[in-house]
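To start, the structure under review is shown below, and the notes come after it.
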Amino acid sequence: MKERDSRGRFKPGCKGGPGNPLLKRAAAHRKAVDEATTPKEVKKAIRLLYTEWIDNKDVAAARVFFERVLGKPRPEPTAAEIAGGVGFDLHGLNTMSDLVDAGRQLLEGVADGKMPIDDAIRTAALLEGQRRLHGTLEFEKKIEALERQIEEMGQ
């Protein structure tokens, strides 16, 4: 059986290569460290290392260590990226109907697992702020119309 298709990609079911032989060794080392230490000992070692790095002002060493242990920090998505992930454009929210549709899409995005709840809460706060602005503008228009009616009645 040919392992690659006409475009050079591996076909489904292909076993692939032997993998990285060092991964098995690294996994064995991690397992040995895990078995040889207690969480309390690991905490103590981290505190000692961190204190030494801080005392020596070696921020780079601390950063590399925590990036390896915790992973590199992910940049916060912008509001537009969050909203776009569930199908609406924050720039296109011009009417109350647009806001209602965006809120519905936001809820569906959370329900479908397309958006984390924390992102949805932040986006909902933006939608609420926009709703308040729309409400204020509508209120101002009504007041202006009433003032015109009062002026017309007084003439």
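The values are calculated or read from the model by the stated rules, or taken from the named source; none is laboratory data. Since the structure is predicted, the reported quantities are computational estimates derived from the model, not experimental observations. Because the Cβ atoms are built from the backbone with ideal geometry, glycine has one as well, and the counts that use them run over all protein chains shown.
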**Q.** First in segment 129-155 and closer than 20 Å to Leu90 by Cα, second anywhere and at pLDDT below 95 and not in a helix (DSSP H, G or I), Cβ under 7 Å, 6 or more apart
**A.** Gln130/Leu93
Q. Of the residues Asp112, Asp118, Asp101, Asp89, which single one is within 30 Å of Ile46 (Cβ to Cβ) and outside the structural domain of Ile46 (by TED's automatic domain parsing)?
A. Asp118
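Residues that are loosely packed, with under 11 Cβ neighbours inside 10 Å and free of Cβ contacts under 8 Å to residues at least 60 places away in the same chain, at least 3 per element: which helices (runs of 4 or more DSSP H) completely within segment 33-121 meet that? Working first, answer last.
Details: elements: 39-55, 59-70, 79-85, 96-111.
Hits in segment 33-121: 39-55, 59-70.
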Q | Members of segment 1-32 that are modelled with pLDDT of 80 or more, in a helix (DSSP H, G or I) and of a type outside the set (A, V, I, L, M) | A | Lys24, Arg25, His29, Arg30, Lys31
